[in-house]
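Notes follow the structure.
The values are calculated or read from the model by the stated rules, or taken from the named source; none is laboratory data. Every value quoted in this text rests on a predicted model; they were computed, and no experiment measured them. Quick reminder, even Gly has a Cβ in these numbers, built from the backbone with ideal geometry, and neighbours come from all protein chains shown.
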Amino acid sequence: MADPQEKVYIEFDNYDWESFKEFQDGLSEILQGHLEQLKESDPTVDRIPAPQKQQLIDQAKSFFFCSHTGNILNLDDYYAWKRNNGGKITYVDESESQPESAPAEAAEAPYSNNYQHVVDLIVSGKPVPGIKQIPDTVLPEQSSKSEAPIRRKPWETNTEALEATVLENLEK
């Protein structure tokens, strides 16, 4: 394994999601909330489209995996690794049943534990899993040198023209 991240990908790939109760509860909450949002915009919707559902599942897996193990996993990088290593990316089946509607008490909860966990990470200054770190400054060796001449400002060019006109009028 040349890439240290490969170990994380393999661990993520082989993670036992079925027995991870916190993930199962969180996933059903996420899917339910998304289905309710879809129903608000279109009351005839009775299920989440397969690509959207797969994206939600993968993002939930990534979040729970990162928060449970402390590893950082970027899904785009993971998909690229999986494709390059001959693995197939699995997708959910359209025929899977949708979760039943949640009790009204769950809808009244102000914030989920996951949200609170992200807030705690931000407040404590720890990195949030899945967020790429971007440097504050441009690296000097990568910056380019200016080759164009400095443009004159409109009042600078007009002043010279005005002075030339005044001198011509004085000479007359």
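Numerical summary
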{"quantity": "Test set (1) of a type in the set (A, V, I, L, M, F, W, C); (2) assigned to a loop (DSSP other than H, G, I, E, B); (3) at pLDDT 75 or above - L121 fails condition number", "calculated": "(2)"}
{"quantity": "Residues (exposed (fewer than 12 other Cβ atoms within 10 Å of the Cβ) and assigned to a helix (DSSP H, G or I)) located in region 62-79", "calculated": "D76"}
{"quantity": "Given (1) free of Cβ contacts under 8 Å to residues at least 40 places away in the same chain; (2) closer than 17 Å to K7 by Cα; (3) surrounded by 17 or more Cβ atoms within 10 Å (Cβ to Cβ), number of the condition N84 does not satisfy", "calculated": "(3)"}
{"quantity": "Filter result (within 18 Å of E6 (Cα to Cα) and surrounded by 19 or more Cβ atoms within 10 Å (Cβ to Cβ)) within region 29-61", "calculated": "K61"}
{"quantity": "Subset tally (residues that are touching a residue at least 40 places away in the same chain (Cβ under 8 Å), in contact with a helix residue (DSSP H, G or I) (Cβ under 8 Å, 6 or more places away or on another chain) and among the aliphatic types (A, V, I, L, M)) for region 31-71", "calculated": "2"}
{"quantity": "Single match in E40, E11 (criterion: in a helix (DSSP H, G or I) and over 25 Å from N74 (Cα atoms))", "calculated": "E40"}
{"quantity": "Unmet criterion (only one of (1) loosely packed, with under 15 Cβ neighbours inside 10 Å; (2) not in a loop (DSSP other than H, G, I, E, B)) for E18", "calculated": "(2)"}
{"quantity": "N74 within 24 Å of the chain's Cα centre (by Cα) and either modelled with pLDDT of 75 or more or of a type in the set (K, R) (or both)", "calculated": "yes"}
{"quantity": "Tally of residues being touching a residue at least 60 places away in the same chain (Cβ under 8 Å) and either touching a Leu at 6+ places or on another chain (Cβ under 9 Å) or on the phi > 0 side of the Ramachandran plot (or both) across region 12-30", "calculated": "1"}
